[in-house]
1. Rounded to the nearest angstrom and ordered from largest down, what semi-axes does the equivalent ellipsoid of segment 204-255 get from its C-alpha gyration tensor (root of 5λ)?
2. Would you count, across the chain, every pair of lysines whose alpha carbons are under 26 angstrom apart, provided the pair is eight or more residues apart or spans two chains?
3. Among Arg266, Arg136, which comes first, second and so on when ranked by fewest other beta-carbon atoms within 10 Å?
4. Using the number of other C-beta atoms within 10 angstrom as an exposure proxy, rank Ser295, Ser269, Ser243 with the fewest first.
5. Calculate, in whole percent, how much of the Cα-Cα pair population of the chain lies beyond 40 Å.
6. Cβ neighbours within 10 Å, averaged per peptide: list 92-99, 187-194 in order, most packed at the top.
7. What stretch of the chain, leaving out the sites themselves, is the longest with no GluC sites (Glu not before Pro) in a DSSP loop having at most 16 other Cβ atoms within 10 Å?
8. Which whole-number percent gives the relative contact order of the chain, counting Cα pairs below 8 Å spaced six or more residues apart?
Amino acid sequence: MTGALNLMRLAAGLCPVLMLGGLLPPAGDARPVRIAVRSAGTTSDVRITSEPGVVLAGTLHLPTAAHGARVPVAVLIQGHGRNGRGGYDELIRRLNADGIAALEYDKRGVGQSSGTYKEDLARLTADATAAVAAMRARGDIDGRRIALVGHSQGGVVAPAVAAVDRGVAAVVTLAGSVGDGLPYLTRAIRHQMIAAGRAPAVVDPAIDAITALLQARIDRRDMAAITPLRIAAIARFEDAGFSPAQAQSALAMIDTEEAWQADRLRSASDLKALHVPVLAVFGEKDPLISAAEESAAARAALRDNPRGKVVVLAGLSHWFQDGAVTGGEDEVARLGPNFGSPRAVALVGDWLDDALSVKR
């Protein structure tokens, strides 16, 4: 593999890692906003007040069999990108059929939601927290039975909300990364560099240099301290086989203001703090995160939670669609709806039915 191709693979690996934590500006692959979906129930528009100047536009899908009863609800949290309502259609139908309501909403600054769009974990968590509060205030929702379902970046946000709001009844993470702070980020970078064909013997010194640089950024060190660390990182990239120009490009991709916020990522600690039922689901063919590594991290975080469950679904990718060959994003458009695998829908539907104690 040429140096240029290695750099491209490094970029392909780094960007999703940073995006999952909300640490990069939006990519161009977000799904278009879709407001109406066919569900086995009735729908109503809702408006959710979050931080000042932010009102989220949402759709509440209520099961038709409710007949005035207070029903449980699953709050659906989107992944990275300018995502609005849509993408959970198959799951919504299943939940409604089981007597569970579902809430989906446009991210702030997207679709009909006000505010400024920004991939910031604190803001995204505040918005999801507001969605939970809005559901709890409704007369047709059982506030004691609110579950959070988050995909990708949403799988980081959901545990963050539940770790603070102990009234959340259950959490489902779908392809959510599991790790804390800078060590998680640098471990992920190491994984991607090795996957791109670099030997650990040359990757590890580069990772040490990156870690030192990013830690200095997090500590707000001045440029007198930063400059030699940048020079050292470039040198280690060159030792790993990058040309000077490629080394500069790699560092420019890593040494960003967004990456300096890596210490905000606390998804492993958030999962560990949960004492409610938790289901963490990964796709074996996920090209953005390592299902083997992330599932192991999830099991470790949930080790003391007797109601924690981790599942890796064979043959499914980051988007949980049947028929994946490589798992790459180029397959998504021809494989049907996002989270459309009947296996995935059945797994999550059955689990939520049990966790929310819905008896038919």
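1. Numbers: eigenvalues 69, 22, 15 Å².
Here the semi-axes work out to 19, 10, 9 Å.
2. 5
3. Arg136, Arg266
4. Working: Ser295 19, Ser269 16, Ser243 13.
Fewest-to-most ranking of Ser295, Ser269, Ser243: Ser243, Ser269, Ser295.
5. 14
6. Details: 92-99: 22.6, 187-194: 20.5.
The peptides rank, most packed first, as 92-99, 187-194.
7. Segment 1-256 is the longest.
8. Across the chain, relative contact order equals 18 percent.
Throughout, read-outs are computed from the coordinates displayed, never taken from laboratory work. Because the structure is a prediction, the values reported are computed rather than measured. Backbone-built Cβ (ideal geometry, glycine too); neighbour counts: all protein chains shown.
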